[in-house]
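The values are calculated or read from the model by the stated rules, or taken from the named source; none is laboratory data. These numbers come from a predicted model, not from an experiment. Don't worry about glycine lacking a Cβ; one is built from the backbone with ideal geometry, like all the others, and counts go over all protein chains shown.
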Amino acid sequence: MPDRATILTAAVTGNLTRPDQNPNLPVTPAQIATAALEAASAGAAIVHLHVRDPETARGSMRIDLYRDVVDRIRARNTDVILNLTTGEGGRFVPTDDDPQKAAPGSTLCVPEKRVAHIEALRPEICTLDFNTMWSGQASVINAPRNLEIMARRIYASGVRPEIEIFDSGDLHLVKYFLKKDILVEPLLVQIVLGVRFGAVADPQTMAYLVGQLPPGSQWAAFGIGRMAFPMLAQAFLLGGHVRIGMEDTVQIAPGELCRDNAQLVEKAVSIVESLGGKIATPLEARKILGATDGPR
């Protein structure tokens, strides 16, 4: 059990969760910002943000949508820590009759485009995915060259990368980047468990990955779907920080859809506190992470 406050991140929409899975999923900038603000009021110190095309509800990379969300949040809350994704732009769907050609649904693009909104908006944190893996009908591709370009531009913007680990091989690549002085210690790491064909969502896998982290790393872990709350409890018990949100699960209990992200956060806070923990405020989270004293 950690002897310091536990940081709770709310991942409010993601890019793969669909409105038909839960009609309460936030899609428009106004809805995403409201979800983030409500999650912060419920106890989240960090809000992890994707944006979606308001017409199709699919993930988007449009800077104007990110700016709209960020401005709406900052107009009402200057304390919560903003964590923007750079995960969009890494998916490749091969065409059946010519696998070298991209099929509909491919988003793979140059690394500069994937961090353009980070350079423009300069949040406190942004994600940096180290996985190359199969995901649904798409291959997620994060080439080392592209990751290096993204990492250097993120650091140059004064933003701290949150390293996303989906399996043990991702962690080997992280350590290689440390040796090459591409990443800066101490690391901030998020361990993703339960994605199909990625690391399994169970205590043994989480413990193994945590044991392989570079010394001094700040880390969190989360599970997908039905493993979201069990892995949240496991992350706390192993001494890590936690994450929940409609990016990760659409249910508050088996067979029961959540009404919103705030309800998920409230349950997460209850779990941590019932296990003897304390949820970090945004100010406490900034001190733990060594972040800036306030928003940019």
Checklist outcome for this item: The lone condition Thr9 fails out of (1) at negative phi; (2) surrounded by fewer than 24 Cβ atoms within 10 Å (Cβ to Cβ) is (2)
Checklist outcome for this item: Within region 151-162, restricting to residues that are in contact with a helix residue (DSSP H, G or I) (Cβ under 6 Å, 6 or more places away or on another chain) and either assigned to a strand (DSSP E or B) or of a type in the set (Ser, Thr, Tyr) (or both), the one that is nearest to Ile81 (Cα to Cα) is Pro161
Checklist entry - Taking strands (runs of 3 or more DSSP E) that fall entirely within region 75-150, which contain at least 1 residues that are in contact (Cβ under 8 Å) with a residue 60 or more places away in the chain and within 28 Å of Pro29 (Cβ to Cβ)? => result 81-84, 125-129, 133-135
Next on the checklist: Can you tell me which of (1) in contact with a Ser or Thr (Cβ under 7 Å, 6 or more places away or on another chain); (2) under 20 Å from Ala262 (Cα atoms) is the one Gln31 doesn't meet?
Outcome noted: (1)
Next on the checklist: Show the residue pairs meeting these rules: Cβ distance below 6 Å; 6+ apart or different chains; first residue within region 39-67 and part of a helix (DSSP H, G or I); second residue modelled with pLDDT of 95 or more and of a type in the set (Asp, Glu).
Outcome noted: Ala42/Glu266
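Among the residues of region 73-116, count how many are under 27 Å from Ala42 (Cα atoms) and small (Gly, Ala, Ser). First the steps, then the outcome.
Filtering region 73-116 for residues under 27 Å from Ala42 (Cα atoms) gives 73-87.
This time we only want the ones that are small (Gly, Ala, Ser), so: 75, 87.
Going through region 73-116 one residue at a time, the tally reaches 2.
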Checklist outcome for this item: By residue number, the members of region 1-39 that are over 19 Å from Arg62 (Cα atoms) and touching a strand residue (DSSP E or B) at 6+ places or on another chain (Cβ under 6 Å) are Thr6, Ile7, Leu8, Thr9, Ala10, Asn22, Ala39
Next on the checklist: Just to be sure before I move on: is Ser139 farther than 19 Å from Ala221 by Cα, in contact with a helix residue (DSSP H, G or I) (Cβ under 6 Å, 6 or more places away or on another chain) and not charged (D, E, K, R) in the structure I sent?
Outcome noted: no
Item to check | Residues satisfying the stated conditions in region 142-157, i.e. more than 19 Å from the chain's Cα centre (by Cα) and under 16 Å from Leu188 (Cα atoms) | outcome: Arg152
Checklist entry - Limited to region 22-49, what total is found for residues that are under 19 Å from Ala220 (Cβ atoms), touching a helix residue (DSSP H, G or I) at 6+ places or on another chain (Cβ under 8 Å) and of a type outside the set (A, V, I, L, M, F, W, C)? => result 1
Next on the checklist: The conditions are (1) among the small types (Gly, Ala, Ser); (2) modelled with pLDDT of 95 or more; (3) under 18 Å from the mean Cα position of the chain (by Cα), and Ala291 fails exactly one of them. Which is it?
Outcome noted: (2)
